[in-house]
Structure formats: C-alpha cells, structure tokens
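Some notes on the structure that comes next.
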Amino acid sequence: MKKTLAIAALMFGAVALAPSASAAVTCVDNVSYSTYLGGSCMIDGLTFSNFTFGTSSGGGASSIAASGVTVKVINGPEFGFEFDTGMSVSAGQFQDILISFVVTGPISDLHASFNGSFTGTGSTSDTETFCKNGTTLPPLSGCLQANQGQYTLTNPPFNLAPPPLVFSPTLTSIAISKDINVTGGNGTATISQITDTFSTVPEPMTLSMMGIGLLGLGLMRRRQQGKK
C-alpha cells in the first residue's frame with residue numbers, strides 16, 4: 001500500500017510541477033500602470049508583456065498619466081486586469097489613453113467590459129484593436145489581415161459588455177491596443193473601470209502528464225482488486 005501511495009504521489013507531483021517549468025513573476029495587484037511598463041508577468045497560464053501607454057487630452061482637461069491608472073489583477077474564472085482610470089470630462093473636453101500589451105496563451109476567448117457613462121451629447125468608448133497570434137505592438141504592425149480585428153465597447157450606444165470573442169482554434173498569443181476615450185460634447189462623460197480578461201486551457205504537456213497519472217492510478221487500482 002505504501003509503495004502504491006508513493007508512486008501515486010510521484011505521478012501527481014510531476015503534474016503539479018509541470019507549470020513551474022515556465023514560471024514567471026506573478027502580476028502585482030493594485031498598483032499603478034507605470035509599474036507594469038517594460039515588464040512581464042504571469043496570471044495562471046498566461047504571460048502578459050510589452051506593456052505600453054499613451055495619453056492625450058483637450059479643451060482644458062487634464063491628461064491621464066500611467067501613474068494615474070490603477071491595475072487590479074483578475075484571477076479566475078477568466079484571467080486578466082481591471083484598469084481603474086478616473087477619466088472624467090465636462091462640456092468641450094476630451095481625454096484619451098492608449099493601453100497596449102501582449103498576452104501569450106493558450107487563449108480560448110477574450111472578455112471585456114467598462115462602465116462608461118455620459119450626459120447630453122457626451123460619449124465614452126473603448127476600442128480594442130488586436131492581432132491574433134501577434135507578439136508585437138502596435139497590434140496591426142506586420143499582422144496578417146485574417147488575424148486583425150476590433151472589439152468595441154460604447155456608451156452611447158449602450159454596449160458596456162459585448163459577448164466574449166471566442167477563438168477557434170485556440171490562440172498562442174494576442175497583441176491588444178485599447179483606445180479608451182471620453183468626450184464631453186455639450187454634456188459630460190466618465191469612465192472609471194475597464195476590464196480585459198482571457199480564458200485559458202491547460203497546456204498539452206500538462207494534459208498528457210495528468211492522463212499518465214490517472215492511467216497509472218487506474219492500473220494500480222485494478223492490480224489491487226485482482227489481488228483481493
């Protein structure tokens with residue numbers, strides 16, 4: 001019995017250790033976006049890298065700095081970030097920020113949402129331009145046309161959380177640029193939260209090792225039952 005348990009422990013130990021081969025720094029929660037610039041980090045089986053940032057404003061509105069955007073980690077059932085921006089403008093003003101990064105998979109879908117609101121003729125939007133299986137920014141630089149796409153959140157019209165984009169076959173990476181805008185028109189516009197999350201699937205090597213482990217346990221159980 002002890003020998004059986006030892007073999008089982010080794011099998012499942014191998015499965016548990018498999019992801020550590022690609023271990024990376026864990027993404028830090030509740031820090032400014034400037035902390036992420038030039039870095040790389042991991043959430044579950046996804047690696048996030050190539051973080052860049054751009055900003056502009058007009059009509060007397062203050063520009064939003066990278067240090068003024070707070071990043072919060074979302075760790076399941078999808079994996080990614082919430083960006084807290086504090087964007088707010090009045091009549092005749094606008095603010096715009098560009099958040100870009102690369103996610104290395106396996107990636108099965110993309111989810112996004114925001115809480116853009118407005119009064120009068122104000123408007124809010126988050127236009128996400130992406131390159132499937134892309135690894136460089138901006139996303140459309142050298143990206144095959146078949147891999148290009150956009151995912152848009154707006155208010156108005158009211159579109160705060162579109163259905164997720166499902167990728168089949170699963171992607172190995174995705175390069176994303178988020179153009180986030182608030183325009184006051186003759187009213188006001190605000191965005192305080194935007195999310196980007198991705199679903200992942202186990203790596204083939206991990207699945208194989210799990211299968212081997214389960215098969216081994218099954219064989220040992222049959223052997224024990226045979227001895228009885």
Can you tell me how many residues within region 147-167 are among the polar types (S, T, N, Q) and either over 21 Å from I107 (Cα atoms) or modelled with pLDDT under 95 (or both)? 3
Sole exception among (1) at pLDDT 95 or above; (2) closer than 30 Å to T170 by Cα for S67, by number: (2)
Of those in region 165-201 that are part of a strand (DSSP E or B), in contact with a Pro (Cβ under 7 Å, 6 or more places away or on another chain) and among the β-branched types (V, I, T), the residue nearest to E78 (Cα to Cα) is T200
In region 21-37, anything small (G, A, S) and either within 15 Å of V69 (Cβ to Cβ) or touching a strand residue (DSSP E or B) at 6+ places or on another chain (Cβ under 7 Å) (or both) is listed as A24, S32, S34
If a residue must be more than 14 Å from I191 (Cα to Cα), surrounded by fewer than 19 Cβ atoms within 10 Å (Cβ to Cβ) and of a type in the set (G, A, S), how many such residues does region 67-94 contain? 4
Would region 120-129 turn up any residue that is within 14 Å of I194 (Cβ to Cβ), without any contact (Cβ under 8 Å) to a residue 60 or more places away in the chain and surrounded by fewer than 19 Cβ atoms within 10 Å (Cβ to Cβ)? yes
Among the residues of region 145-155, the number that are closer than 21 Å to P169 by Cβ and touching a strand residue (DSSP E or B) at 6+ places or on another chain (Cβ under 8 Å) is 5
Being under 15 Å from the mean Cα position of the chain (by Cα) and surrounded by 16 or more Cβ atoms within 10 Å (Cβ to Cβ) is the filter here; which residues of region 147-184 pass it? Y151, P164, L165, F167, L171, S173, I174, A175, I176, S177, K178
Counting only strands (runs of 3 or more DSSP E) entirely within region 43-132, those with at least 2 residues that are closer than 21 Å to S177 by Cβ and within 11 Å of the chain's Cα centre (by Cα) are 46-58, 70-75, 79-89, 94-114
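The values are calculated or read from the model by the stated rules, or taken from the named source; none is laboratory data. What you see is a predicted model, and the numbers here were worked out from it, not measured in a lab. Positions of Cβ are backbone-derived with ideal geometry, glycine not excepted, and every protein chain shown enters the neighbour counts.
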